[in-house]
Amino acid sequence: MSLKTGRAWIEVNIENLRHNVEVLKKVMQPGCELMAVVKAQAYGHGAVLTASHLNKMGVRAFAVATIDEGIALRKGGVCGEILILGYTEVSRASELKEYDLLQTLVSFEYAEALNHQGIAVKVHIKIDTGMHRLGIACGELSAVRKVFFMENLNICGMFTHLCCSDSRHPDDVAFTRGQIDNFYNMADSLRDSGIILPKLHIQSSYGLLNYPDLACDYVRVGIALYGVLSSPADDTVVKPDLRPVLSLKSRVVLIRNVEAGENVGYGRHFTAGRDTRIAILPIGYGDGFPRNLSDPKGSVLIDQYVVPVVGRICMDQLAVDITDTDGVSVGDIVTLAGAEGYDKLSVPVVADSSGSISNELLCRMGARLPVIAR
């Protein structure tokens, strides 16, 4: 995409990505490997683009949500391990093998069904330690042991997911410590019964930042890899110097004058209280910029000016008030999220203003916007 013609795009700062990899590795325990979570188009950053650059940085382990995300990485030339964190229909076992993907075992029954396909596949066992989403319950030791003896399943890893590791509330910390103990107790029991343990992992981004002392073989890093936390108020035990990787950009395509008393947008949501200059941007909620950032919540950066969104954000367009700016013209580049040096326009703050979290805001951007690496 040419920046001269593009209406809106995502810009990815590769040097900031490299920096985040380096500082996160310093937090990890010796011998632990970074597993980059690149599901949902790498949280809107472009899965193949991001994973390819991570490959060049020495990252050799990735996690996705679906088999099709994994296949897309392989077709894009991504090397290393690719773990599918979610469900895959067992009839696609041949594709798991063809593309050398690792499948999460979401339950004991699922493990049996996948084994019965008669195709040798690589898997990680998911252990439910209290989140009660996917996995074999941590109390079902005999079921987990049986999985190790299923002839068509090559057990390469075992893991759990901490459901409230982002919280420092004492009750949540106690619950998380309980999950950690449940997981390691399961691993110890398996070892004591003669099972040779595969690689273990338990930490995602907040698991690493709040429980950095855990000894595992992988850390599954998602949101922190992209240089932001989920919410601006989040506090963590470890505070590495993370740098935001993504910025959402568009450009001014039209400037119009609106007289005092006239309306702008659907439902006449905005009424000009004075003679007003309006800039139209060709980006909207269809591009992942939330509709509930319509005025008075939303704002954008044009040149050095932070200006408010006016009227309702449309699917493909929105309007901003540039009355108090000087020199703004058609073609000027606009930053809607991820503006470095402007806290109000950081991804966590923009997400929080929309009533959501960084993870959701970023993932929504990946549908139709081109991604530019810089």
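The values are calculated or read from the model by the stated rules, or taken from the named source; none is laboratory data. The shown structure was predicted, so the numbers you read here are calculated from the model rather than taken from an experiment. A quick note on method: Cβ atoms are made from the backbone with ideal geometry, for glycine too, and the neighbour counts reach across all protein chains shown. Protein only, heavy atoms only, side chains kept; ligands, DNA and RNA dropped before computing areas. Shrake-Rupley method; radii C 1.70, N 1.55, O 1.52, S 1.80 Å.
Provide the net charge surrounding A373, with neighbours chosen by a C-beta distance below 14 Å and charges set as Lys +1, Arg +1, Asp -1, Glu -1. Within the 14 Å Cβ shell, the charges total +2. Remark: the range 162-210 carries a charge dipole of roughly 160 debye about the Cα centre, counting +1 on each Lys and Arg Cβ and -1 on each Asp and Glu Cβ. Calculate the length of the line joining the C-alpha centroid of the range 70-93 to that of the range 322-374, in whole Å. The range 70-93 and the range 322-374 have Cα centres spaced 31 Å from each other. For the range 34-83, a simple Cβ point-charge model (Lys and Arg +1, Asp and Glu -1, everything else neutral) yields a dipole of about 140 debye relative to the Cα centre. Ranked by solvent-accessible area (1.4 Å probe, protein heavy atoms only, all chains present), the residues S294, S353 order from largest to smallest as S353, S294. Please report the antiparallel percentage of DSSP beta bridges with both residues in the range 1-115, rounded to the nearest 5. DSSP beta bridges in the range 1-115 are roughly 0 percent antiparallel.
Residue ranking by accessible heavy-atom surface, 1.4 Å probe, largest first, among Y285, Y87 comes out as Y87, Y285. Within the straight-line cut-off of under 16 Å between alpha carbons, the lysines reachable from K239 are K25, K26, sequence neighbours fewer than 8 places apart in one chain being disregarded. For the range 53-174, rounded, prolate or oblate, judged on the Cα gyration tensor with a ≥ b ≥ c (square roots of eigenvalues), a/c < 1.5 rounded, else prolate if a/b > b/c? The shape class here is oblate.
With a/c under 1.5 counting as rounded, go ahead and sort the range 264-347 into rounded, prolate or oblate using the C-alpha gyration tensor (a ≥ b ≥ c being the square roots of the eigenvalues; past the cut-off, prolate if a/b is larger than b/c, else oblate). Note, shape of the range 264-347 comes out oblate.
Per-residue ellipticity at 222 nm from helix content only, as computed over the chain with -39500 (n - 2.57) for each DSSP H run of at least four residues, stands at -8000 deg cm²/dmol.
Which of A279, Y226, N152 sits farthest toward the positive end of the charge dipole of the range 140-293, with +1 on the Cβ of Lys and Arg and -1 on the Cβ of Asp and Glu? Among A279, Y226, N152, the one farthest towards the positive end of the dipole of the range 140-293 is A279.
Considering only beta bridges that DSSP places wholly inside the chain, some 45 percent are antiparallel.
Build a GNM of the chain with springs between Cα atoms under 10 Å apart, and of S346, S205, S167 the one that fluctuates most is S167. Taking the 1.4 Å solvent-accessible surface of the chain as the whole, the part contributed by carbon and sulfur is 49%. How would the range 152-231 be classified by its alpha-carbon gyration tensor: rounded, prolate or oblate, with rounded meaning a/c under 1.5 and the a/b versus b/c comparison settling the rest? Oblate is the answer for the range 152-231, as a/c is 1.5 or above yet b/c matches or exceeds a/b. Counting only protein chain heavy atoms and rolling a 1.4 Å probe, the accessible areas of T176, T325 rank, largest first, as T325, T176. Per residue, the solvent-accessible area of the chain (1.4 Å probe, heavy atoms of protein chains only, all protein chains present) comes to 43 Å². About its Cα centre, the chain has a charge dipole of approximately 700 debye under the convention of +1 per Lys or Arg Cβ and -1 per Asp or Glu Cβ, with nothing else charged. T66 sits among other residues whose Cβ lies under 12 Å from its own Cβ, and their net charge, with Lys and Arg +1 and Asp and Glu -1, is -2.
For A233, neighbours were defined as the other residues whose beta-carbon sits under 13 Å from its Cβ, and their charges (Lys and Arg +1, Asp and Glu -1) total -4.
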